[in-house]
Structures are given as C-alpha cells and as structure tokens.
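Some notes on the structure that comes next.
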Amino acid sequence: MVGVDRIRNVSHPQVISVLGSTGSIGTSTLAVLDLHPDKYRVYALAANSRHEALLEQCLRYQPTVAVLIDENAAEQLRLALAKTDCPTRVEAGEQAVIEVAKAAEVTTVVAAIVGAAGLPSTLAAAEAGKRLLLANKESLVMSGELLMDAAKASGSLIMPVDSEHNAIFQSLPQTSNGVNLSGVKKILLTASGGPFRNWTKDELSVVTPQQALNHPNWSMGPKVTIDSSTLMNKGLELIEACHLFHVGADDVQVLVHPQSVVHSMVAYVDGSVIAQLGLPDMRTPIAHALSWPSRIESGVQSLDFLALSNLTFEAPDLDRFPCLRLAIEAQRAGGTAPTVLNAANEVCVEAFLNESVAFLQLPDTIEYTLSHAKITPASDLPTIIEADKSARQIAREMLGRLSA
Ligand code: NAD
Ligand code: MG
C-alpha cells in the first residue's frame, strides 16, 4: 500500500529536490511552488543538459545545488552563474543527482526525470525515507518490488503524481498513513486513447512523429506523448498501479475516456464508484502530492460542469494498440519482463522520434524483444540493470534488421 508507514515531512517548510526540473512535470511543479513560497524551499534542481533553462531556474529559485548530467553543460552553467550573485553550487553527473535525492536537508523529492535514467535517483530517495512525488513511472515498471520495498523499509511516503494514480489514491479509502484496499472491487484506469483512437491499421501504418506528438488533451514531454499514442503509456500505468496499490493486473480495468475529465476511479463491493475529476492539468496532482493530507491551491480552475458534455467510456482496442496487451502480459509474467518491456519501448520511442522505425513496428519490436530476452526474477538492482541493457541490445538489433 502507498505510504504504509508513518507520514513524514508534512510539516512546513518542505525542502525539495526537483529532479527533471526543466521538463514538463518539473516546470509544472515549480509553477505550484511559486504559489506557496512560505511552504516550500527548493534545495536542488537537476536536469540533463539544458543549461540555459536551468540557469533561469537557478536565478529564480536560488537552490543550494544545481545538477546537470552533461559535464560541458554543467561548466556552461557554472560560468554563467559566476557572473551573478546567485550562490548555487553546480554539480555534474548521475551520482550528483543521487546525492541531491538523498541529501539530509531534503524532505521531499520530485522524481520527474524521463525514462530508465530516473531509476537510480528515485530509488535513492525511497531508500533515504523522503516524501517521494513519483512521476517517473518507468522506475516502478522496471523495479516495482525493489522500489516499494525500499520505501517501506525507510518509511518513505510515495505520492503518485501520474494523474491516474493520483486520482486512484484520492478515490481509495484514506488512512493516516496513506490508502488501503478495504471494500475495493476494481481499479478503473482511464485512458484518453491518444490522437489515433479511431484510426484504422492502414492509417496507423503511416503515422508521423509530428502527428503522434499532437496529443488531444495533455501537454507533456515527447516520450510520454508517444507512449500515449501507442497506449504503451496505459500499459506502463497499469504496471505502475499494480505496484503502488498492491493489486494484480486483473484488478485493474482500462477504460478509454477520450475527454480526460475523469482521471480514474475505484469501484467498491457495494456498487459505489468513486472518481476524481478535474481539468487535464498536472498541477492538480502535483499540488495534491505535495500537500496531502492537506489541500493547497494549484493554480488550476475547477471543472465547469455546465460546459461539460458527453463523458464517454469504451474498451481499449488491443488489436490496433498491441502495446497495452504486451504490458499486461509482461506484468502477468513478472520478474524482469516489465523491465524488458520498458527498455525495448524506450529504444523504440527514440527510433520512432528519429523517424527510423514505423509506428506499427514499435509493438512488433517490443514483442520480439520480450520473446528473445531471458526473463529472470527481478531480485536486485544489478539484475534489473542487466535485463534493461540486454533488452536494449535485442531491440536495437531488431530495429537494425527492420531498417536494412
Ligand atoms: P520531459 O521530457 O518534459 O522532461 C524530462 C526531464 O528529465 C527534463 O528536465 C530533462 O532534462 C530530464 N532528464 C532527461 N534525462 C535525464 C537524465 N539522464 N538525468 C537527469 N535528468 C534527465 O518529460 P516529462 O513529460 O516531464 O516526464 C517526466 C516523467 O514524468 C516521465 O517518466 C513521464 O512518464 C512522467 N509523467 C509525465 C506527465 C506529463 O504530463 N508530462 C504525466 C504523467 C507522468
Ligand atoms: Mg498518466
């Protein structure tokens, strides 16, 4: 269960490391913090390489530390900051991101790095007992048990930022420590269906990255937007829900809800269904995850029910969108299968964005990788990292053959 142990760090001010601060979730987080300067202080900002964007954030939030993965970009940031009176110390490399995730001063970590690259720092925050605002779903997909066990052992409270999981959290019975499953029959995970919901297979065969990046409801980073267009995002989210809420794949039902108003629901044994609704704006789940069990302003308007019409729900089409089926199968298979799925998917998304693979070849490549990778129990981090590495290799080889 999420947050099984003590609630930590809810007293103010929270001292925060924002990992992936220049991205979509990172900037939405900072927009929420802007509304509450008395409640939150930024200790660290971390990103990949965009030093100009991080410079602007440093000047505004004056964090103790700023981290860039890229050494040259970090040097650029250091030089630029030296010309200002901003006291921020600049560090470089992955170990520096891990350090700001577990630093003693930090109460709260926003895990908003994209992809498998987010795993080491997310795990470090969980091990260090931080309040962990989890956007980086890939880390749970890759190493769900390890991450949840680490959080349980340290007393880390994992607050889901992914809008669906945040909605499920809000719809589950609340306890002083988190949520529980008392009386729950099913988790209803909603999906927008992406930009190609009604497209035929023929139409899908010629989809371009630009078309896939044009999500109908949400404005997000490129990787999660492509994942939304293939429905892999929903597959990753189903696995994420299994770990966060300690349920099996069959306890989660995916419902395509193109309006993205109902962010997910929980059905109970007595026939009740509890849902969380709102505008599709990530500042709402971020604010909730920051302040739970209290509520704070997020900057998002309430829903205007009189302007809403036709909230519809339909079953996902696993034939046109096999990525969701592959994710469900990987979760059922267990062990390193979800790690392999995630790794192959990351390789495929990158290739698709580079226009070196066709849209319908993504699920084929992921399925091929799953059937050729060695699936073992995901018992420790080295095993997971090795499974990730060899799956990437298999996927790349397959993509090479496809483009030859
Ligand atoms: P994004 O591409 O907009 O931003 C990614 C951030 O991660 C950037 O700050 C980038 O500099 C940083 N980064 C990339 N590689 C890094 C590395 N190796 N080390 C350190 N930092 C690195 O992505 P996003 O849309 O903000 O998504 C972030 C995570 O949140 C993803 O896991 C995504 O699935 C999840 N998520 C996003 C949304 C959304 O609305 N954007 C919604 C739900 C979940
Ligand atoms: Mg989501």
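Past the 25 Å Cα-Cα mark, which pairs from 186/389; 223/389; 102/152; 39/83; 201/234; 137/374? Checking Cα-Cα distances, 186/389; 39/83 exceed 25 Å.
Extension gain, residue 12 to residue 79, is 20.8 nm, computed as 0.36 nm per intervening residue step minus the present C-alpha separation. The spacing between segment 298-335 and segment 124-181, judged by their C-alpha centroids, is 20 Å.
Taking a Cβ cut-off of under 15 Å around residue 92, the surrounding Lys, Arg, Asp and Glu residues balance to a net charge of -3, with basic ones at +1 and acidic ones at -1.
Each peptide in 371-378, 151-158 was scored by the mean count of other Cβ atoms within 10 Å over its residues; highest first, the order is 151-158, 371-378.
Hey, any idea what % of the chain's accessible area is carbon plus sulfur with a 1.4 Å probe? Its accessible area is 51 percent carbon and sulfur atoms. Under 11 Å from the Cβ of residue 402, count the other residues' Cβ atoms, weight Lys and Arg +1, Asp and Glu -1, and hand me the total. Cβ neighbours under 11 Å give a net charge of 0.
Per-residue packing, averaged as other Cβ atoms within 10 Å, sorts the ranges 52-64, 100-112 into the order 100-112, 52-64, beginning with the highest.
Accessible surface calculations at 1.4 Å, restricted to protein heavy atoms, place the chain at 41 Å² per residue. Fully extending the segment from residue 153 to residue 312 would add 53.1 nm, taking 0.36 nm per residue of separation and subtracting the current Cα-Cα distance. Here the ratio of the Cα radius of gyration of the chain to 2.2 N^0.38 Å is 0.95. Relative protection proxy for 313-322, 227-236, from highest mean packing down: 227-236, 313-322 (other beta-carbon atoms within 10 angstrom).
Neighbours of residue 285 by Cβ distance under 15 Å: Lys/Arg scored +1, Asp/Glu scored -1, total -2.
Protein-only accessible surface at a 1.4 angstrom probe places the residues 51, 165 in the order 51, 165, largest first. Within the assembled protein chains, the solvent-accessible surface assigned to residue 357 is about 10 Å², based on a 1.4 Å probe.
Per residue, the convex hull around the alpha carbon atoms of segment 194-334 comes to 151 Å³. For the chain, the residue among 86, 54, 24 whose Cα projects farthest onto the positive side of the dipole built from Cβ charges is 86.
Applying the Kirkwood pairwise sum to the alpha-carbon positions of segment 1-155 produces a hydrodynamic radius of 15.4 angstrom. Let me check against my output: what whole-number percent is the relative contact order of segment 35-157, with C-alpha pairs under 8 Å and at least 6 apart? For segment 35-157, the relative contact order is 18 percent. The residues 401, 197, sorted by heavy-atom accessible surface at 1.4 Å with ligands and nucleic acids left out, run 401, 197 from largest to smallest.
Between segment 186-209 and segment 28-95, how many Å separate their Cα centres? Taking the Cα centre of each part, segment 186-209 and segment 28-95 sit 37 Å apart.
A 1.4 Å probe over all protein chains sorts 138, 203, 145 by accessible area into 145, 203, 138, starting with the largest.
The values are calculated or read from the model by the stated rules, or taken from the named source; none is laboratory data. Because the structure is a prediction, the values reported are computed rather than measured. Cβ atoms come from the backbone with ideal geometry, glycine included; neighbour counts cover every protein chain shown. When the accessible area is computed, the model is the full protein with side chains, heavy atoms only, and any ligands, DNA or RNA have been set aside. Shrake-Rupley method; radii C 1.70, N 1.55, O 1.52, S 1.80 Å.
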